[in-house]
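Below is one structure, written out as structure tokens; comments come after it.
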Amino acid sequence: MAEQNIPVKQISGESAGQSNTEEIALDTQYPYFKARPASLGRSFDSFIAEQTKGFVVRKFVIDELEEFLGDEDIESGYFIIKGEPGIGKSALMAYLVKTNGYIHHFNIGLQNISKTQLFLESVCAQLILRFELDHPSWPPDADKDGAFLNQLLDEAGDKLKDNDKLVIVVDALDEVDRGGLSPRANILYLPPVLPPHVYIVVSTREKDDIHLQVANSKEFRLLADSTFNIRDARDYIRQKLSDKQMLQRIASWNTTDEQFIDAMLQKSAGNFMYLRHVLPAIKAGRFVEGTLDQLPEGLLGYYRCHWRQMRNQDQVIFDTTYQPVVCVLAAVKEAVSIDQASAFTGITANKVRDVIKEWREFLYEETGDQHQYLYRVYHKSFQDFLREEVDPQLKTYHGMIARYYLRLAGKDIPDYPTLKGKNSYNKDIESSQKILILASNPKGTPNLRLDKEVREIEEILRQTKYRNQFEFCTIWAVRPRDIRKALLDVKPHIVHFIGHGNEKGLLVEDEIGFAVNISTEALVGLFALFSNKVECVILSACNSSIQANAIKEHIKYVIGMEGLTKDNVAIEFALGFYDALAAGRSYDDAFEFGRNAILTKFPKEKKHLIPVLKQAEI
């Protein structure tokens, strides 16, 4: 550290352990501190307020914690709360801090608050402030190991009165960056043994190993399907039903309150993040059919559903404005202003403001030093969805941010690879090969693993050394007019349809999501209009060899499926085909590689004969 002798204790007012709202000066050693003993340190006030908004008291967890703290046989130790994303761990930890004034630290990966150094600075300063410990300066290398924290815990423990307990809350161990820690070290340098009457409450996602070896601990698993969690979720839903507008909306759905609550519990699987998003969406009328069946399954299902709904309103505007802003707010290490997001994306501040307003439920808002609003993605589960299903690892948007800073430094760098993320149009870029993926799984048809197949294709093309030669665009829940518009806008060389088909044609979605047939004649007529641009058509659907045979009159390479096609066969063919294409092989060769991939995967069957190549001289 640049400065070592920096005052960390300038307390005026009430004695240690009592509320004090006067400002404490911690100088620049602690740039994130707005340190007041009342809020205990690192300016997590807005985070705690957001997390505890509408909080349903998790009495069953709190009872377990109080029993642990009150057990005379447990002199000190760790209470470890484990649970899946969205189950309400951070909200619970925020509630504990808000109601008990515990010393605390929240690891927030989305805000780059994930380093061991930040934890040590935060908790050590709070201990010094709370217990008026005699440490007027920050020791050299105090953040390089856990020695100083151990010393402060011992000193604070000595100041505890009879029956007093020192409780420290540390949220989200799974978001901690272990960079710089030895493989044997405890996460955050947490002590393996705590002094008497000192307890640390931690939370983490369900993981095999969080690198926490301690002497005394109790693990509490916050299970989504437990009786107690379902009870709390039921109370939360019932709380929201007290809203008059919500009651009117449910009444229009032709269902009773109890039927609605039961359906929400089943759809959410007890996940509070799902409820946090879906209940306001219902109130706002976003589910136009007004039926319980329309509600998505699970949190990931909601993210997919909302992404698709928003995109279907206007795909070009979504791809050029909404997606870049939302993904940049997921890629940033700290919350940024509207102007900064505008600078990163090249999108006007007014448009960025419109996107933020439209996507507010997914964003966290805080106030910066200059009293300006700053934004980032609210929950890691949504960031995970974006990095896994929209743009792998958000590489496109990390590159966008990097290019901005390199330009500020006066460095001229080439554009980021022209391989675009799924769901993106860029009509200004002309690359060697543009791939248009059309995905459709209408209601009432067997479920397909469309996302897996598309994700695998994108990963293959991103990893190839020829990635600069490919640009791809995916249209989900495709309707007849979407196909025509995408062909006109994207001008693809390869068109890949993934979905269902029959002898009469391909099945796509109508305006409310049910299956509608595009006839073979209509497909032939459409591709005839693009015969000078489209080089290859892949119809990954049952019985599509019929359509392939007809389309070949206008397109040189057309691949269809002979008879019924299983999902895993189609995926395996796509992997082999695009592996070869990405390596620079011809369409003929890529087709053979696709068939060979099926034969390798299913050696005892003749599934490799299902894909057929229809080729004609144009």
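Here are a few things to note about the model shown:
- Residue under evaluation residue 312, criteria (1) assigned to a helix (DSSP H, G or I); (2) out of contact with any Lys or Arg (no Cβ under 9 Å at 6 or more places or on another chain); (3) more than 16 Å from residue 379 (Cβ to Cβ); (4) open to solvent by 20 Å² or more (accessible area, probe 1.4 Å), criterion not met: (2)
- Any hit, the stretch 426-440, residues being part of a loop (DSSP other than H, G, I, E, B), modelled with pLDDT of 85 or more and within 19 Å of residue 496 (Cα to Cα): yes
- Every pair of residues 6+ apart whose Cβ atoms lie under 8 Å, when the first sits in the stretch 521-535 and is part of a helix (DSSP H, G or I) while the second is charged (D, E, K, R) and open to solvent by 60 Å² or more (accessible area, probe 1.4 Å): 524/553; 526/484; 528/553
- Restricting the search to helices (runs of 4 or more DSSP H) fully inside the stretch 537-612 and requiring at least 2 residues that are in contact (Cβ under 8 Å) with a residue 60 or more places away in the chain gives 545-551, 567-582.
- Scope the stretch 340-373; condition of a type outside the set (D, E, K, R) and under 23 Å from residue 278 (Cα atoms); matching residues: 355, 356, 359, 362, 363, 364
- Number of residues in the stretch 570-609 that are hydroxyl-bearing (Ser, Thr, Tyr) and within 34 Å of the chain's Cα centre (by Cα): the value is 1.
- Selected residue (criterion: nearest to residue 319 (Cα to Cα)) from residues of the stretch 371-387 that are among the aliphatic types (A, V, I, L, M) and touching a Leu at 6+ places or on another chain (Cβ under 7 Å): 386
- Extreme residue, farthest from residue 130 (Cα to Cα), among residues of the stretch 144-173 that are open to solvent by 30 Å² or more (accessible area, probe 1.4 Å) and part of a helix (DSSP H, G or I): 147
- Which listed residue, of 507, 529, is under 32 Å from the mean Cα position of the chain (by Cα) and at pLDDT 90 or above: 507
- Taken as a whole, the structure places residue 230 among residues that are under 30 Å from residue 56 (Cβ atoms), in contact with a Gly (Cβ under 6 Å, 6 or more places away or on another chain) and either modelled with pLDDT of 90 or more or open to solvent by 60 Å² or more (accessible area, probe 1.4 Å) (or both).
- Selection count, the stretch 322-357, where residues are in contact (Cβ under 8 Å) with a residue 60 or more places away in the chain, within 12 Å of residue 400 (Cα to Cα) and in a helix (DSSP H, G or I): 6
The values are calculated or read from the model by the stated rules, or taken from the named source; none is laboratory data. It should be emphasised that the depicted structure is a prediction, and the values quoted were computed from it without experimental measurement. Quick reminder, even Gly has a Cβ in these numbers, built from the backbone with ideal geometry, and neighbours come from all protein chains shown. SASA here: full protein model, heavy atoms, side chains in, ligands and nucleic acids out. Shrake-Rupley method; radii C 1.70, N 1.55, O 1.52, S 1.80 Å.
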